[in-house]
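*Asks:* Could you have a look at this structure, given as structure tokens, before my questions?
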Amino acid sequence: MAVREAEPVETLQQVKEAGLDREDLLGMYRNMLITRAVEERGHILYKQGKIPGSFYTGRGNEASVGVGTAMGPNDVGTPLQRDMGVHITRGIEPWRIFAQYMGREDGPTRGRDGNVHMGDARLGLHTMVSHLPAMLPVGVGMALAFKIRDERRVAVAWCGEGAAARGDAHEGMNLAGVRRLPVVFVIDNNQWAYSTPAHLEYAVDHLADRAAAYGFDGVVVDGTDVLAVYREAKHAIEKAREGGGPTLIESVTLRMEGHAVHDDAFYVPKELFEEWARRDPIERFRTWLRDNAEMTDDEEDEITAGVKRLLNEAIQRAEQSPVPDPATVIDGVFASPDELETPHHR
Ligand SMILES: Cc1ncc(C[n+]2csc(CCOP(=O)(O)OP(=O)(O)O)c2C)c(N)n1
Ligand SMILES: [Mg+2]
């Protein structure tokens, strides 16, 4: 049985049926622009020697904004290195992201870690660790807790198509299926795991085909179509909330840059980059908004100028943030009972 492949969203009417109004759409477009701008500016800061370590981007995966938009206020998620759009949509401010990149006190990890190894539990996002897909079972665990406590909350757990080959992905998905947990799995299939191409990673046509083996639904969605990503995520999240169990969403994109900035991706065929550049998620959504939602030049200019201002201020503010005091290095490593008294820990 072939897994379902999601249809594109064509009209404003279809979008309204999926629960979004015009304001929401412009907000999503803005969030996609912020996502890209944060990564582009971050790359520049890296080249200026202001960011330690390496630097990862999710260029080509800005439609992850669609998943962030579909999540409810009390839902939780474990976004990864390609899912900046989720952090932005949930409301983490760009200045705090730059502070994180630069190892400053005001970053979400307070200078303890770099890159997208960050999350803000107050926004329902839990910090990724490097070991992939270690956050996927964490998402399943949160969903198990929601079920035990009878809370109408949903967890979203991400992994890459490379990470989906590991045992913890299978174990997490199996447990979620067996217990019908309120969890949505999103596999960011960007066709490469570092230099390993998809055909050396899995033998099924679609990773979402695996869902049937775990006893739940799978769907393949074009990860460059933010509206389709939103619609599928919304459907899956609300289904999970109603007790309908997990869904596996495979979101197909191309990793438009190297694994990180130290990698020039020489092993990816040039034609593939050219082909996927024509499907740029931001450009695609922009065209859709102009054709279907009458986005005007003025509106577009206002959004673009607002994003530019936001980013300039963000970098300035982050640069003013102090580096952490070494004496505080173990602060926050062990949670106190008080710290557990947040809505997302209860
Ligand atoms: C358990 C584990 N093995 C190896 C690595 C090193 N590593 C980091 S990212 C990566 C590739 C992951 O590919 P994929 O899951 O497709 O995600 P992508 O980077 O393409 O988004 C590897 C091998 C790791 N982080 N964790
Ligand atoms: Mg990958």
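*Asks:* Applying 1/(1 + (r/R0)^6) with R0 = 41 Å to the Cβ-Cβ distance of ARG22 and GLU319, what FRET efficiency is obtained, to the nearest 0.05?
*Replies:* My answer for the efficiency is 0.65.
*Asks:* Okay, moving on. Subtract the Cα-Cα distance of GLN48 and ASP298 from 0.36 nm times their separation in residues, and report this length gain in nm to one decimal.
*Replies:* The span from GLN48 to ASP298 would gain 86.6 nm if fully extended.
*Asks:* Pairwise over distinct Cα atoms, reciprocal of the mean inverse distance: report the Kirkwood radius of the chain in Å, one decimal place.
*Replies:* Its Kirkwood hydrodynamic radius stands at 20.5 Å.
*Asks:* State which helices in the chain qualify, where a helix is a whole DSSP H run, it must extend 20 Å or more along its own axis by its Cα atoms, and its mean Kyte-Doolittle hydropathy must be at least 0.0.
*Replies:* Helices passing the filter in the chain: 135-149.
*Asks:* Ranking HIS235, HIS87, HIS170 by Cβ neighbours within 10 Å, fewest first, what do you get?
*Replies:* Fewest-to-most Cβ neighbours within 10 Å comes out as HIS170, HIS235, HIS87.
*Asks:* Suppose only helical runs count, i.e. DSSP H with n ≥ 4. What mean residue ellipticity at 222 nm does that imply for the chain under -39500 (n - 2.57) per run, divided by all residues and rounded to the nearest 500 deg cm²/dmol?
*Replies:* It comes out at -13000 deg cm²/dmol, rounded to the nearest 500.
*Asks:* Another one. May I ask you to list the trypsin sites (Lys or Arg not before Pro) in region 146-216 that are in a DSSP loop and have at most 16 other Cβ atoms within 10 Å of their Cβ?
*Replies:* Loop-located and lightly packed - ARG152, ARG166, ARG179, ARG180.
*Asks:* Mind jotting down the distance between the C-alpha centroids of region 258-318 and region 104-171, whole Å?
*Replies:* 26
*Asks:* Tell me whether region 70-205 comes out rounded, prolate or oblate; compute the Cα gyration tensor, take square roots of the eigenvalues as a ≥ b ≥ c, and use a/c under 1.5 as the rounded threshold.
*Replies:* oblate
*Asks:* A further question on this structure: Take the Cβ-Cβ distance between GLU5 and HIS170 as r, set R0 to 25 Å, and report the resulting FRET efficiency rounded to the nearest 0.05.
*Replies:* My answer for the efficiency is 0.65.
*Asks:* Out of all DSSP beta bridges in the chain, what portion is antiparallel? Express it as a percent rounded to 5.
*Replies:* Antiparallel: roughly 10 percent of the beta bridges in the chain.
*Asks:* Pulled fully out, how much extra length does the chain show between ASP331 and PHE266, if you take 0.36 nm times their separation in residues and subtract their Cα-Cα distance?
*Replies:* Gain on stretching ASP331 to PHE266: 19.2 nm.
The numbers here are math on the coordinates, done by the rules we state, and not lab data. Everything quoted here is computed from the prediction, not taken from an experiment. Note that each Cβ is placed from the backbone with ideal geometry, even for glycine, and that neighbours are counted across all protein chains shown.
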